[in-house]
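The block underneath contains the structure these notes are about, expressed in structure tokens.
The values are calculated or read from the model by the stated rules, or taken from the named source; none is laboratory data. As the structure is a prediction and not an experimental result, all values here were calculated from the model. All Cβ positions, even for glycine, are placed from backbone atoms using ideal geometry, and neighbour counts span all protein chains on display.
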Amino acid sequence: MVGAGVRVAQTPGRDDGLRSLIVSLPPPRPTDRYGANVLSGDWKAPKQGRSTPVAAERDLVVEDVETGWVGAVVRVEKAGGLHVVHLEDRRGRTKGFPLGPGFLIDGRPVTLTAPRAASTAALDAARQEQARTASGSVAVHGARARVASGSRLYVEGRHDAELVEKVWGDDLRVEGVVVELMDGVDDLAGIISEFGPGRGRRMGVLVDHLVPGTKEARIVQQARALPGIANDVLVLGHPYVDVWQSVRPERLGWERWPVIPRGTSWKHGICAALGWPHDTQADIARAWKRILGTVRTYSDLEPTLLASVEELIDFVTAPST
């Protein structure tokens, strides 16, 4: 029996009449123990190819890999913080799937992305939002803050100043108006006299809990009676016990701010109602930071405060006459 790879040749015509076998073997070949390099090329690529991004435009027909559902895109919406694509099959049934990978188009894997129209609309909305400050004013991009003018806006305390800064800070910097702290209004007349209002030095004052019959109302009445200040000083206020209360209660999950019993510190009572620590001044400071953090724009504040602050800003930024 002749093995594979062996060539046999018969040579007749020899004298002894016997045929002899001339065996010739092919030349040896180098042995390849490992074959081709399995790591060469894109060895991680799936058999069907890599997924490519495709916008989930209306009427695009796709197949969900997990369920085999085949349908045309009818809409893309945001639900529970996630984008969902709704596919309608040939029988008119509709089913929603998370937008992203896991779909096929003609057997090729794709990753569905938000449709271009929606992306454009979102971009336009973001640009529109950036075109407005937190107070609703038209934003002035690239403008440097002006050198402080002679006019000032006075508020009672740090929390008032921080709230004004968060909502109207951009506007005030453009106008060059500085916010000053009064640490209470008990000596409002003295503060006005020390400021020295006059031409080019207007003074706007925001007072907490300015309602008839209160101590604040009497102090403001006396200050307004100072001679020679009528054209250069404007004192306005809001009816809230504290500037905290000017934040809409819905931002904290309430329908209305709770009534704190007399004899209880108002801020401590509010913290207790919210279930927040309130034993130390640091606790109160942290509570205010949390409340201030719920304020995004002027729409999160009560109209009464908005009206007073807007009028005061208009007053101190008006040209002197």
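Residues in segment 89-109 that are under 33 Å from the mean Cα position of the chain (by Cα) and either in contact (Cβ under 8 Å) with a residue 60 or more places away in the chain or over 14 Å from Glu57 (Cβ atoms) (or both): Thr94, Lys95, Gly96, Phe97, Pro98, Gly100, Pro101, Gly102, Leu104, Pro109.
Of all the residues in segment 148-171, those that are in contact (Cβ under 8 Å) with a residue 40 or more places away in the chain and part of a helix (DSSP H, G or I) number 9. Looking at Arg248, Arg224, just one residue is closer than 30 Å to Phe195 by Cβ and of a type in the set (D, E, K, R), and that residue is Arg224.
Going by the conditions given, is Gly228 closer than 26 Å to Gly169 by Cβ, without any contact (Cβ under 8 Å) to a residue 24 or more places away in the chain and more than 41 Å from the chain's Cα centre (by Cα)? Taking the combined requirement at face value, the residue does not satisfy it.
Within the option set Ile313, Ile284, being out of contact with any Cys (no Cβ under 9 Å at 6 or more places or on another chain) and either within 30 Å of Ser151 (Cβ to Cβ) or not assigned by TED's automatic domain parsing to the domain that holds Gly237 (or both) holds for one residue only, Ile313.
When the residues of segment 162-182 are filtered to those that are of a type in the set (A, V, I, L, M, F, W, C) and either modelled with pLDDT under 90 or surrounded by fewer than 20 Cβ atoms within 10 Å (Cβ to Cβ) (or both), the one that is farthest from Thr297 (Cα to Cα) is Met182.
Look at segment 68-88 and say how many of its residues are part of a loop (DSSP other than H, G, I, E, B), closer than 21 Å to Asp106 by Cβ and either modelled with pLDDT under 90 or not assigned by TED's automatic domain parsing to the domain that holds Thr111 (or both).
0
Among the residues of segment 107-131, the ones that are charged (D, E, K, R) and modelled with pLDDT of 90 or more come to 1 in all.
Can you confirm whether segment 198-207 contains a residue that is in contact with a strand residue (DSSP E or B) (Cβ under 9 Å, 6 or more places away or on another chain) and loosely packed, with under 15 Cβ neighbours inside 10 Å? For segment 198-207, residues in contact with a strand residue (DSSP E or B) (Cβ under 9 Å, 6 or more places away or on another chain) and loosely packed, with under 15 Cβ neighbours inside 10 Å: absent.
For segment 172-193, indicate whether the set of residues that are among the basic types (Lys, Arg), out of contact with any strand residue (DSSP E or B) (no Cβ under 9 Å at 6 or more places or on another chain) and not in a loop (DSSP other than H, G, I, E, B) is non-empty. Yes. Do we find that Leu206 is at negative phi and assigned to a strand (DSSP E or B) in this structure? Here the answer is yes, as Leu206 does meet what is asked. Residue count for segment 244-263 satisfying the condition of being out of contact with any Leu (no Cβ under 6 Å at 6 or more places or on another chain) and under 28 Å from Arg152 (Cα atoms): 4.
Check whether at least one residue in segment 191-199 is over 31 Å from the mean Cα position of the chain (by Cα), of a type in the set (Lys, Arg), assigned by TED's automatic domain parsing to the domain that holds Glu310 and at pLDDT below 90, and report yes or no. Yes: one or more hits.
If you take the residues in segment 281-303 that are hydrophobic (A, V, I, L, M, F, W, C) and out of contact with any helix residue (DSSP H, G or I) (no Cβ under 8 Å at 6 or more places or on another chain), which one is surrounded by the most Cβ atoms within 10 Å (Cβ to Cβ)? Checked segment 281-303; the qualifying residue surrounded by the most Cβ atoms within 10 Å (Cβ to Cβ) is Ala285.
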